[in-house]
Amino acid sequence: MENIFKTILTLGLVFISLIRMNAQQKQKMENTALLIIDVQNDYFPGGKMTLEKAEQAGENTRKVLEYFRKNNLPVIHIQHISTNEGATFFLPDTDGAKISRLVSPREGEKIITKHFPNSFRETGLLSYLESKKIKNLVITGMMTDVCVEATTRAAFDFGFHNTIIGDATATRNRELNGEVIKAADVQKSFLAGISALGNLYAGIINTNEFLSK
């Protein structure tokens, strides 16, 4: 009988501990939203601007998205539509401009259309975040060194605390003065730069680290 009582007591303590852990995690994620930037078809194989490891970044974004959905946390999809002269991808009314099926928005998830790298520029993003009392942003998307960076730096200037899921972002090879800079080097350099000075603009973690917190 004594052993049964001890077992019940132990199980009870474990149950209470799990409840507390879940409550602490939920409290930690209060006032936090997921920002998915430009995860659109043109960036994937077969698209007009294919990125290095786009599928991996898209799959990791999907995992983070599922976490937010499971915990009923706000999700914001950013969709770029190119309106500038000479644009070659994300053109209006094309399949390439559609949001990837990996992260297809669900009913109730906010979709914001932008025309510039900075997701705040001439959009309703800031007012929407303020209306939801969002203070912290978890950022995923594409391209790392263009729209992700521009949006993250702008978010910092508006007072948001940012976390970028590094392996849920992607870019492509760049060229400078005739020299090709590999996508992997571009990726590392921009993530290192934006997290410099003690994660001034954003902290960088990977998908597994985020999901195990």
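The values are calculated or read from the model by the stated rules, or taken from the named source; none is laboratory data. Values in this document were obtained by computation on a predicted structure and should not be read as measured data. When we count neighbours, we look across all protein chains shown, and the Cβ atoms used for this are built from the backbone with ideal geometry, even at glycine. Heads up: the accessible areas ignore ligands, DNA and RNA and are worked out on the full protein's heavy atoms, side chains in. Shrake-Rupley method; radii C 1.70, N 1.55, O 1.52, S 1.80 Å.
Per the 1.4 Å probe, what fraction of the accessible area of the chain, in percent, lies on carbon and sulfur atoms?
53 percent
Determine, for each peptide in 98-106, 126-134, the mean count of other beta carbons within 10 angstrom over its residues, then list the peptides with the highest first. Mind dumping the intermediate values first?
Working: 98-106: 15.8, 126-134: 14.0.
Highest to lowest by the protection proxy: 98-106, 126-134.
Would you mind pulling out the separation of the Cα centroids of the range 48-100 and the range 140-213, in Å?
That distance is 16 Å.
With every protein chain present, what accessible area does E52 have (1.4 Å probe, heavy atoms only), rounded to the nearest 10 Å²?
Accessible area of E52: about 100 Å².
With Rg and Dmax of the Cα atoms in Å as the read-out, I listed (i) 21.4, 76; (ii) 18.0, 59; (iii) 19.8, 80; which label goes with the value calculated from this structure?
Given (i) 21.4, 76; (ii) 18.0, 59; (iii) 19.8, 80, the calculated one carries the label (iii).
Enter the accessible area per residue of the chain (Å², integer; probe 1.4 Å; all protein chains in place).
Ligands and nucleic acids excluded, the result is 57 Å² per residue.
Pull up the DSSP beta bridges for the chain and report the antiparallel fraction as a percent, rounded to 5. Provide the component values of the computation, followed by the final result.
Details: 5 of 29 bridges.
For the chain, the DSSP antiparallel bridge percentage is about 15.
Students often get this wrong, so check it: of K70/K110; K48/K182; K53/K213; K98/K182; K53/K114; K70/K213, which have C-alpha atoms separated by over 21 Å?
Listed pairs above 21 Å: K53/K213; K98/K182; K53/K114.
Among residues other than Q56 whose Cβ falls under 14 Å from its Cβ, what is the net charge (Lys/Arg +1, Asp/Glu -1)? Write out the running numbers ahead of the final one.
Numbers: positive: K53, R62, K63, R172; negative: E52, E55, E59, D167.
Net local charge, Q56 excluded: 0.
Put E59, E107 in order of accessible area, largest first, 1.4 Å probe: what do you get?
E107, E59
Considering amide H positions built from the backbone, and no H for Pro or chain starts, which residues 5 or more places from Y201, or on another chain, come under 5 Å of its amide H?
HN-HN under 5 Å from Y201: A196.
Set the Förster distance to 25 Å, then compute FRET efficiency between D157 and R101 from the Cβ-Cβ distance, nearest 0.05.
In this case the efficiency is close to 0.15.
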